[in-house]
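Remarks on the structure that follows.
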Amino acid sequence: MNKYNTVFLALISLLSVSCSKKAADLKVLQLNVWMQATMLPNAPQGVIDIIDQTDPDVVFLCELNAGTEPPFTHYLSEELRSRGKNYYADTHHAGNGILSKYELVNDSEPNLNLKYAVKSSIKVNNRTVILYSAHLDAGNYAAYLTRGYNPSAWSVKLETPVTDTDSIQKYSRLSKRNEGIEAVIADAKTEISKGHIVLIGGDFNEPSHLDWQADTKDLRDHRGVTFNWEVSTMLQQAGYTDSYRSLYLDVVTHPAITWPAGNKDAKLERLYYAPEADEQDRIDFVYYYPQAGVTVTDACLVGPKATINHGQMVTDDTQDNILEPTGIWPSDHKGNLVTLVINR
């Protein structure tokens, strides 16, 4: 074999190795669409606009209505197609939906164990990515206890705020949030064992334990309380990574408040439940299981640069990166926009 053939074969070998390690970006948008975009005039247009603006590869949606014909995800898919953007749409389950630029593969029947989530899968860079769009139980919203409000009869004040962590845990466990996320974790365990990538996004109706530690105990009416909220704790113990918090560790400078969002197009009184308290929290998330070859490279909030504090709309004064919509904002939450790199 002459030296030219040797060099040629070496180049082919290098090219083959390079191609086998090729990376693909996967941009994920997570959004609660506020009662299927029925709470504001032109809110459906706002959902379409923000998907068009952010151009995600995957969209996790929640607060969808069952029985709508056509399903809201199918409606969004058709409207986006008219703008030259092609998205596959799943069927709704448990008030959740998924859109994807990659073909969605669904089970023939929804997994009935996933009472608070819908599951689908896609192929990215020759790897299977399992998608769970979740909306956990809103009942017994125990984060209101330190704020002096009833967690199961929102807007009703308590005689005094509750700061005993055993009581907070007891109230929180009256909801079905733990059961909801446990079902997702259990279902995903099999997928992880196959080497599949797992993403979980949604409105968890509960803060993160990462945001309720000593550094925030005197902020946002936590009233000195540090508390390990159980949904985020269970995800962490199962090996999952909070995509936003993995990039922004400082919860004081980057609290990433997602609820309530200061939506100027909504009636103010529809945006809060604790008018005499600071009820701001991060309750919307995108989690991923850190399989080999998966990296989060960017994360930001999507929505207005405003929130609600003591029943008043205020401008965000954090260092969070917030992508503002160019059109009407359709939600009372902010969303998450996360970019992952997936290697073969």
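The values are calculated or read from the model by the stated rules, or taken from the named source; none is laboratory data. Here the structure is a predicted model, which is why all the values come from computation and not from measurement. Please note: Cβ atoms are built from the backbone with ideal geometry, for glycine as well, and neighbour counts cover all protein chains shown.
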Query raised in the report: Looking at this structure, is D320 surrounded by 24 or more Cβ atoms within 10 Å (Cβ to Cβ), acidic (D, E) and within 19 Å of the chain's Cα centre (by Cα)?
Result: no
Query - Hits in the stretch 20-50 (condition: under 15 Å from the mean Cα position of the chain (by Cα) and surrounded by fewer than 22 Cβ atoms within 10 Å (Cβ to Cβ)) - result: K27
Query raised in the report: Can you name the residue in the stretch 16-30 that is at pLDDT 95 or above and out of contact with any Asp or Glu (no Cβ under 8 Å at 6 or more places or on another chain) and, of all such residues, is farthest from G335 (Cα to Cα)?
Result: A24
Report task. Could you please give the count of residues in the stretch 136-182 that are free of Cβ contacts under 8 Å to residues at least 60 places away in the same chain, more than 17 Å from R270 (Cα to Cα), hydrophobic (A, V, I, L, M, F, W, C) and not in a helix (DSSP H, G or I)? Result -> 4
Report summary line: Scanning the stretch 229-247 residue by residue, the ones that are part of a helix (DSSP H, G or I) and either crowded, with 21+ Cβ neighbours inside 10 Å or not aliphatic (A, V, I, L, M) (or both) total 11
Requested in this report: From A299, A306, A256, grab the single residue that is of a type outside the set (V, I, T), in contact with a Ser or Thr (Cβ under 9 Å, 6 or more places away or on another chain), surrounded by fewer than 24 Cβ atoms within 10 Å (Cβ to Cβ) and under 15 Å from L31 (Cα atoms).
Outcome: A299
Query raised in the report: If you scan the stretch 74-101, which residues turn out to be assigned to a loop (DSSP other than H, G, I, E, B), over 20 Å from N111 (Cα atoms) and touching a residue at least 12 places away in the same chain (Cβ under 8 Å)?
Result: R83, K85, N86, Y87, K101
Query - Top-ranked residue in the stretch 286-344 [being within 23 Å of E63 (Cβ to Cβ) and among the small types (G, A, S); ranked as modelled with the lowest pLDDT] - result: G327
Query raised in the report: For the stretch 66-73, does any single residue satisfy the condition of being more than 21 Å from Y288 (Cα to Cα) and either among the acidic types (D, E) or touching a residue at least 60 places away in the same chain (Cβ under 8 Å) (or both)?
Result: yes
Report task. Go through (1) small (G, A, S); (2) assigned to a loop (DSSP other than H, G, I, E, B); (3) surrounded by 14 or more Cβ atoms within 10 Å (Cβ to Cβ) one by one and return the number of the condition G224 breaks. Result -> (3)
Query raised in the report: Out of the stretch 262-321, which residues are of a type in the set (A, V, I, L, M) and farther than 29 Å from V198 by Cα?
Result: A266, L268, L271, A274, A277, A306, I308, M313, V314
